[in-house]
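The structure appears below as structure tokens.
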Amino acid sequence: MKHIILYIIIGITLLSCSERQEYIEKLEQAQSLLDEHPDSALQILDSLSLHEQDFSKSFRMKYQLLKLQAQNKAFVDFNSDSIAKDLVNYYDRNGNANEKMMSHYLLGCAYRDLGEAPKAVDCYLEAINKADTTKSDCDFYTLSAVYSQMAYMYHKQLLLSREVESQKKASHFALKADMAFWAIYNIDKSSGAYILMNKKDSAEFVIKKAIRLYKKFGYEKHALLTSINLLGVYLNDSAKLAETKQIIDNFDNEPSFFDTQHNLPASKRIYYFYKGKYFCLTNNLDSAEYYFRKIHYVGMPLTSYDAMYHGLLEVYSKRHLVDSILKYSRLYCEVNDSSIAIKDKEITAQMSAIYNYNRYQKEAHSNEVKANKTKMAFLVLISLVIISTIAIGNRYQKLKNKKKQEIESLKAKYISITNEYNNNLQTLQLIDASHQEEIMSIQKENEILKSKIDVLKHKEGIQEQINKTKELRETNIAKRIIYLINHPTICMTEKEWEQLANTASVYYPDLLHDLNKTPKVTQQEMRTCILLCFSLRESDIAHLLNTSAQRITNAKSTINMKLFGDNSARSLYKNLSSNYNMYSL
């Protein structure tokens, strides 16, 4: 009898081990399918959920981590943050660097799907902090995904400079993970932020770089899709009509982009706007109107009407149809209502403040834990937070009231302008043969307004230059150069020269383009030119290049001749100032 009981116990134990091995094999099978077939991986993991009560804690945590990864990759929205929080708490204590990074990343994705953007960004930043990039087994692919998701959240909140920086990091780590496509994709995505910031030259440079890399790695269709973004840049330049026509022809000749009726999906219908703009520029107004109207589709959101109304307004303006001009001017104004723009700015400012506040709050908390973990310190911190919250609330209420007054003022101005418009419209209906003279008067007023707009744009350009100068002075290479100038016994290394060249490519892309196109430009001439653009003195340039002041003078004369046909060393700085924005270190 004892032997029978012993055999039963051994049998149950073996059966239990067999089932546990089966769970491990299924988990490994799901993990192997995760990247290419997340739906299949999710099915396997769902089948394992029936046995979850049999799992040990470590195995259950691994199972949950893999399941959340599969859901995220299969685009299944998270409807709760509870499991992700449990994973963070567990792996922060028991996991390696990759597991810690992944758990914080998934918690950020949960907050993303729950619509809590600041919390999502906070988790992404924490995931980045958990990564150990010094180790050979670092999960660079996930790190790239973290930066990419963070860029997506910044884009939604119009924090465009942060979006660009995140996309650059995402591309960098995708390359380290040997994921060439995602590296190029993140470069490609950053062009949208440059366009929104009205940095058309930077956008064109980035788009062309992405197209070149897509083609290099064999992604021809992606290269063609990305070329559409160039149309948004080229269609503001009549000298680019030939390149525009070539892009349109290439796109139209790719059948895989269109359905059986040769229509594009909603996500790609901006192409019709670009094509309509091209026909407008070539005075083929019937074709332009056709493609502007083709933008429309059932269920199109209000913001998407902007391009269609803008295009139709341009067509009817060229046809001189006053009734249609008035109609589409009104519709175009409605979708570009100034109060909406003001509200967007408020939201963006608030979101930026929340991001900064979260970051500062975390740093303060970390310093407090290191300094003093007592209950009294915790109570003091709580008191400070409460006081800060009250102060911020009072400040916010004041700003809210001020914005409300501004909106009321704008509404009053809008009513006044509307009444004036109605009066003018009634007068316009009574105009006789002299209407042509009044139209010319209106055109002159438009020219005056245009000149005022040009002045405003010039002021914005000056402000942008001031901002970029401040931004430049905060870069590591700028601080290093100032240090070297003040320590004449130390010379710049080749790595620092490379870092300077990379920084110059951001702030002087046109200059580097011209220098690279100019034949027989020496390294010393190029470096002299870059340092001069940063408003350094000739003696400082000579020190940094480890040469004499006379050689610098000769180099300035030579490069001035090559770039501007002027053999004077003294006029080089003036010529550079006239052709490129100048930033002072």
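Structure summary
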item	result
For R212: the one exception among (1) assigned to a helix (DSSP H, G or I); (2) touching a residue at least 24 places away in the same chain (Cβ under 8 Å); (3) surrounded by fewer than 18 Cβ atoms within 10 Å (Cβ to Cβ)	(2)
Verdict on I228 being closer than 19 Å to S505 by Cβ and assigned to a helix (DSSP H, G or I)	no
Filter result for the condition that a residue is exposed (fewer than 15 other Cβ atoms within 10 Å of the Cβ) and modelled with pLDDT of 85 or more, over K245, K189	K245
Filter result for the condition that a residue is surrounded by 15 or more Cβ atoms within 10 Å (Cβ to Cβ), over 17 Å from L235 (Cβ atoms) and hydroxyl-bearing (S, T, Y), over Y297, Y328	Y328
Of residues in the stretch 174-193 being in a helix (DSSP H, G or I) and either of a type in the set (A, V, I, L, M) or in contact with a Leu (Cβ under 8 Å, 6 or more places away or on another chain) (or both), the one nearest to E254 (Cα to Cα)	I184
Candidate set: the stretch 285-299, residues that are of a type in the set (A, V, I, L, M, F, W, C) and not in a loop (DSSP other than H, G, I, E, B); chosen: the one farthest from I270 (Cα to Cα)	L285
Flag for K85 being over 30 Å from I211 (Cβ atoms) and either surrounded by fewer than 20 Cβ atoms within 10 Å (Cβ to Cβ) or touching a residue at least 40 places away in the same chain (Cβ under 8 Å) (or both)	yes
Boolean, K85 is basic (K, R) and modelled with pLDDT of 85 or more	yes
Output for the stretch 471-513, where each listed residue is in contact with a Leu (Cβ under 7 Å, 6 or more places away or on another chain) and basic (K, R)	R473
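Residue-wise test of (1) within 27 Å of the chain's Cα centre (by Cα); (2) without any contact (Cβ under 8 Å) to a residue 40 or more places away in the chain; (3) surrounded by fewer than 17 Cβ atoms within 10 Å (Cβ to Cβ); (4) not in a helix (DSSP H, G or I).
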| site | (1), (2), (3), (4) |
| --- | --- |
| D77 | yes, yes, yes, yes |
| M102 | yes, no, no, no |
| Y111 | yes, yes, no, no |
| D137 | no, yes, yes, yes |
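The values are calculated or read from the model by the stated rules, or taken from the named source; none is laboratory data. Bear in mind that the values here come from a model prediction, so they are computed numbers and not experimental data. Glycine also receives a Cβ, built like all others from the backbone with ideal geometry; neighbour counts cover every protein chain displayed.
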